[in-house]
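These notes are about the structure you will find just below.
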Amino acid sequence: MAGRALGRPGGNAPYWFLAPLFAFTGLFLVLPLGFSVYLAFTRWNPLGEPRWVGTRQFEYLLTRDDTFWATLSNTFVFAGALVVIGVPLALGLAFVFSRARGKAAWRAIYYLPQITSFVAIAYIWQFVLDDRYGLANRLLGLLGFRGFDWLTDPTMAMVSIVMVMVWYDVGKNMVVFSAAIENVSKDLYEAAELDGASAWIQFSRITVPIIRPAVVFVTVTSFISGMGFFALILAMTGGGPRGATEVTALYLYEMAFQDLRMGRASAGALILFAIIAVLTVLQFRLLRERKA
Amino acid sequence: MTAAPDLGLSVAADARAATGAPGPRRRTGPKVGAAVKYVLLTLGALLMVLPFADMFVGALRGPADVFATPPRYFPADPQWGVYGRVFDELPMGRWILNSVLVTTTITLVQLVTSAMAGWALARYEFPGRANVFRLVVGAQMFPFFLLIIPIFFLLRYAPLAGGNDLMGQGGSGLLGTYAALVLPFAVTWYGVFLMRQFFTTIPEELLEAARLDGASEWLIFRRIALPLVKPALATLAVFAFVYHWNEFIWTMTITRTAPELQTLPVGIFLLENTFNDLDQKSLQQAALAVSVLPVLILFALAQRFFVSASVETGVK
């Protein structure tokens, strides 16, 4: 589509229409990216002048900064869990949803978190997951369970963060999947039913293979955004307890705006970006090839 | 939602399937028992709604409920006055004003820049078009965490702003101004992409007729093309409004030392310590409820545009 000739020359007109895009892309994308690359090779506390240190920041982060590696591992756990738990859940939900009545109402309910700020979501869940008297542990108590230290136990804190993030995203992913499912020909299901195929067989043998592009898309974008995400974590646990939910993007944000190490944080951001870029390409390759 | 009506439907559908007769419409998959289906959806819906309900219930608790042993979940005497206290004890009016101001400005600016660029990419032949399109798609890949440090300092060293000299030294630049909250978001490459997709669907004959009448390119864009893509504009507007109403990392970074510029989520977040006392929790929950309300209303009024925004992102 991109390359197909659709329009007419129009003289200078297209460039005038594009002028704001060029101006703001230059100022707020190209220039910052260049500045960021420069900063990554400096040591800079913004009270003074940046000092060129070559690749020392990269060397420090990769060879001596154990925290950096720990946050990378947390980042992988977080983004990986989002995909492994979130995508199948949204897919199953979309399948059930696409066969239910009252779509608008269901969709509205599942979409609610999407319109809420991460500050509100973080606090709402802090209340729900609060010690003995939060809603979650009260409900578990009613069922006779002891409940969990949702946010104070290091392992459970990561579980809680992933759970909340899956809760946040499931409605959006469900909408994307169900839009794809709507396009699957009804005849296929009719034929499958004639052959006595169960709902599970229809789901796994018809729906999923046909909407595969949507599945690949949601998987890859969930993973990418998960790798760079920290808003909810900042507001909900601040990376704690004892660094258990400290992801790399949050670590770098604190490195920059609390410790004022702009050079090192820029170098870290470039490393994280490179990792994400490589993994994105790999994921697209792998997920596409399995089809062939 | 009992099992009985479903049983009827399933039998009817099975009969249709067995006889090969096409069903008039297929709402239910006979093999997914409708009961199971709706039980699943209802359980999920409860999980979605309960945390919000918990917030509304919590806002109404008074000290008597909080300090009871054990603390009461449902307030014995709901404190509706908390919603008044939110406005008395917190700079709520200021936060709402800032949120409305910043969010509306960003949304309008994004509509203009996206529509203009999308239009150029969709309807004109010009050297470099393919590269501009690549830029629009490629620019969406750069994550925010990569840009936050450099953009912060580019604003700080903006020449001739906020007491800065021509070299950007001496003052605070654009930090501490509304411009710092709006300018970095003036362009959304996703929005350009979205608008381009919609503009390509306009029939060329409509535009050709206007050209023959001697209309300028701007007039054609403004008077003919824009009115035809209103649904796309609405989709983008809703998407931008919700995103920036809720945005908080950037706004917090810029306004940490400028309380007069803080928006609802940032204000509530940075006042965290005020809410540490147990009997202040209800105040916090009420403030959160107030912050959620405007988008909730927008959502109720324009649900279909929310959905199309998600779907458009997913289908590209």
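Filter segment A:172-193 down to the residues that are among the hydroxyl-bearing types (S, T, Y) and surrounded by fewer than 23 Cβ atoms within 10 Å (Cβ to Cβ) and list them by number. A:S185, A:Y189, listed by residue number. Output yes when any residue across segment B:199-207 is among the acidic types (D, E) and assigned to a helix (DSSP H, G or I), and no when none is. Yes, some residue in segment B:199-207 is among the acidic types (D, E) and assigned to a helix (DSSP H, G or I). Can you find a residue that is of a type outside the set (F, W, Y) and touching a residue at least 60 places away in the same chain (Cβ under 8 Å) anywhere in segment B:159-173? No - not one qualifying residue is present in segment B:159-173. A:G147 passes every criterion in (1) at pLDDT below 90; (2) assigned to a helix (DSSP H, G or I); (3) of a type in the set (G, A, S) apart from (2). Would segment B:107-126 turn up any residue that is more than 10 Å from every other protein chain (Cβ to nearest Cβ), under 26 Å from the mean Cα position of the chain (by Cα) and surrounded by fewer than 18 Cβ atoms within 10 Å (Cβ to Cβ)? Scanning segment B:107-126, I find at least one residue that is more than 10 Å from every other protein chain (Cβ to nearest Cβ), under 26 Å from the mean Cα position of the chain (by Cα) and surrounded by fewer than 18 Cβ atoms within 10 Å (Cβ to Cβ), so the answer is yes. Test A:Y38 against the stated conditions and say whether it is of a type in the set (S, T, Y) and at pLDDT 95 or above. Yes; evaluated as a whole, the condition is true for this residue. Flag: A:F273 does not match the condition of being aromatic (F, W, Y), assigned to a helix (DSSP H, G or I), more than 9 Å from every other protein chain (Cβ to nearest Cβ) and surrounded by fewer than 21 Cβ atoms within 10 Å (Cβ to Cβ). Summed over segment B:227-258, the residues that are among the hydrophobic types (A, V, I, L, M, F, W, C) and either within 12 Å of chain A (Cβ to nearest Cβ) or not in a helix (DSSP H, G or I) (or both) give a count of 12. From the list B:A215, B:A179, B:A232, B:A210, which one is surrounded by fewer than 20 Cβ atoms within 10 Å (Cβ to Cβ) and modelled with pLDDT of 90 or more? Just a single option satisfies the conditions, and that option is B:A179. Residues in segment A:83-110 that are at pLDDT below 90 and small (G, A, S) were compared, and the one that is nearest to the chain's Cα centre (by Cα) is A:A108.
Can you find a residue in segment A:107-119 that is more than 7 Å from every other protein chain (Cβ to nearest Cβ) and outside any helix (DSSP H, G or I)? The answer is no, given that none of the residues of segment A:107-119 is more than 7 Å from every other protein chain (Cβ to nearest Cβ) and outside any helix (DSSP H, G or I). With the structure loaded, tell me whether A:L29 is buried (at least 19 other Cβ atoms within 10 Å of the Cβ), in a helix (DSSP H, G or I) and hydrophobic (A, V, I, L, M, F, W, C) or whether it fails that test. Yes, satisfied. Being at the interface with chain B (Cβ under 10 Å from one of its Cβ atoms) and on the phi > 0 side of the Ramachandran plot, is that true of even one residue in segment A:142-160? Within segment A:142-160 (the criterion being at the interface with chain B (Cβ under 10 Å from one of its Cβ atoms) and on the phi > 0 side of the Ramachandran plot), the answer is no, since none of the residues qualifies. Consider segment A:204-231 and keep the residues that are of a type in the set (A, V, I, L, M) and without any contact (Cβ under 8 Å) to a residue 40 or more places away in the chain. The one that is nearest to B:F269 (Cα to Cα) is A:A214. Of the residues making up segment A:196-216, just one is more than 10 Å from chain B (Cβ to nearest Cβ) and not in a helix (DSSP H, G or I), namely A:I211.
A:Y189 falls short of the stated requirement of being of a type in the set (F, W, Y) and within 25 Å of the chain's Cα centre (by Cα).
Please work out which residue is nearest to B:A289 (Cα to Cα), limiting yourself to segment A:120-133 and to residues that are at pLDDT 90 or above and more than 7 Å from every other protein chain (Cβ to nearest Cβ). Within segment A:120-133, the match that is nearest to B:A289 (Cα to Cα) is A:I121.
The values are calculated or read from the model by the stated rules, or taken from the named source; none is laboratory data. Nothing here was measured: the structure is a model prediction, and the numbers come from that model. Don't worry about glycine lacking a Cβ; one is built from the backbone with ideal geometry, like all the others, and counts go over all protein chains shown.
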